[in-house]
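Before any comments, here is the structure.
The values are calculated or read from the model by the stated rules, or taken from the named source; none is laboratory data. Treat the numbers as computed from the prediction; the structure is a model and nothing was measured. Virtual Cβ from ideal backbone geometry, glycine too; neighbours counted across all protein chains shown.
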Amino acid sequence: MAGFDLSGLTASFGGERVIGPLSLKVKAGEQVALVGKSGAGKSTLMRLIHQHVNRNSSLVPQELGLVNALPVFHNVFMGQLDQHGNWYNTVTLMRPFSRDKDKVRELLKALGMAEKLWIPTASLSGGQRQRVAIARALYRSAPLLLADEPISALDGPMAHQVMQLLKDRFSASVFALHDVDMALAYCSRIVGIQDGQIALDEPAERLVASDIMSLY
């Protein structure tokens, strides 16, 4: 299942509704950008989607979810923990199999950090840590990508490289993005979130940046 069709999505905090109710359908082949100002509900909506599609998705959360005490390899390998038995995961923690090391190294190479395979994650820069979370999502190889601000810590060329890689590797994607130009460049559909509701839903080819800026 590359896409999803969800309806009646709601979220409340402290007794106050912050999302919905709203419906969102994403089809295979679509790259959807959730855009809107900080606090509009993009991250909350992303978490709601993930709760419903969980095992069918690869997730890049905004907080990254890395284990600082482990090296890069093991953080990336965690993308497939639920695809192996306990014995396999335990052996991998102590002595990883060559096939897994090779796969992870290739992903890191595509992200410009193959030499970081055994470096403790805690010692990495913010941009490198973000790329580890991206490599973990790629390693999971789910058909659907959910990525919450996946390029916020990356410079221009690397941000473009990562967005193109993610676009190419997944059958369908949902990105929460603050950068309107990147959303228009790499996504086929723009969904604008304002006050917890969908205020815009159009093909990217029909929009320019000024059409979206009213949401900010």
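Under the condition of being aliphatic (A, V, I, L, M) and closer than 19 Å to N54 by Cα, which residue from region 71-99 is surrounded by the most Cβ atoms within 10 Å (Cβ to Cβ)? Write out each step before concluding.
The first filter runs over region 71-99 and keeps only residues aliphatic (A, V, I, L, M), leaving 72, 76, 78, 81, 91, 93-94.
In the following step, the residues that additionally are closer than 19 Å to N54 by Cα were identified as 76, 78, 81.
Values: V76: 30, M78: 18, L81: 13.
Applying the filter and picking the extreme gives V76.
If a residue must be among the polar types (S, T, N, Q) and closer than 19 Å to K37 by Cα, how many such residues does region 162-202 contain? Before the answer, list the steps.
Just the residues of region 162-202 that are among the polar types (S, T, N, Q), to begin with: 164, 171, 173, 188, 194, 197.
Filter again for closer than 19 Å to K37 by Cα, leaving 194, 197.
The number of residues fulfilling the criteria is 2.
Does T121 count as β-branched (V, I, T) and surrounded by fewer than 16 Cβ atoms within 10 Å (Cβ to Cβ)?
In short, no.
Could you count how many residues in region 36-70 are small (G, A, S) and either surrounded by fewer than 18 Cβ atoms within 10 Å (Cβ to Cβ) or assigned to a helix (DSSP H, G or I) (or both)? Steps first, please.
From region 36-70, those small (G, A, S) are 36, 38-41, 43, 57-58, 65, 69; that's our starting set.
From what is left, the residues that are either surrounded by fewer than 18 Cβ atoms within 10 Å (Cβ to Cβ) or assigned to a helix (DSSP H, G or I) (or both) are 38-39, 43, 65, 69.
Residues flagged as small (G, A, S) and either surrounded by fewer than 18 Cβ atoms within 10 Å (Cβ to Cβ) or assigned to a helix (DSSP H, G or I) (or both) within region 36-70 amount to 5.
When you scan region 102-111, do you find a residue that is closer than 15 Å to N68 by Cβ and of a type in the set (D, E, K, R), even just one? Spell out how you get there, then give the answer.
The first filter runs over region 102-111 and keeps only residues closer than 15 Å to N68 by Cβ, leaving none.
No: region 102-111 contains no residue that is closer than 15 Å to N68 by Cβ and of a type in the set (D, E, K, R).
Determine the pairs where a residue that is within 11 Å of D148 (Cα to Cα), located within region 44-71, has a partner that is acidic (D, E) with Cβ atoms under 8 Å apart, the partner being 6 or more residues away or on another chain.
M46/D148; V60/D148; P61/D148; Q62/D148; Q62/E149
I need a count of the residues in region 177-210 that are crowded, with 16+ Cβ neighbours inside 10 Å and touching a His at 6+ places or on another chain (Cβ under 9 Å).
Of the residues in region 177-210, 2 are crowded, with 16+ Cβ neighbours inside 10 Å and touching a His at 6+ places or on another chain (Cβ under 9 Å).
Would you pick out the residues in region 169-195 that are in contact with a helix residue (DSSP H, G or I) (Cβ under 8 Å, 6 or more places away or on another chain) and at positive phi?
Within region 169-195, none qualify.
Do you know which of the residues in region 154-176 that are outside any helix (DSSP H, G or I) and modelled with pLDDT under 95 is surrounded by the fewest Cβ atoms within 10 Å (Cβ to Cβ)? Write out each step before concluding.
To start, the set of residues in region 154-176 that are outside any helix (DSSP H, G or I) comprises 154-155, 170-176.
Next, only the ones that are modelled with pLDDT under 95 stay: 155, 171.
Values: D155: 9, S171: 15.
So the residue we want is D155.
Which residue pairs have Cβ atoms under 6 Å apart, sit 6 or more places apart or on different chains, and have a first residue in region 6-32 that is closer than 18 Å to L200 by Cβ and a second that is among the charged types (D, E, K, R) and surrounded by 12 or more Cβ atoms within 10 Å (Cβ to Cβ)?
E30/R189; Q31/K167; V32/R189
Can you name the number of the only condition in (1) within 20 Å of M182 (Cα to Cα); (2) at pLDDT below 95 that L145 fails?
(2)
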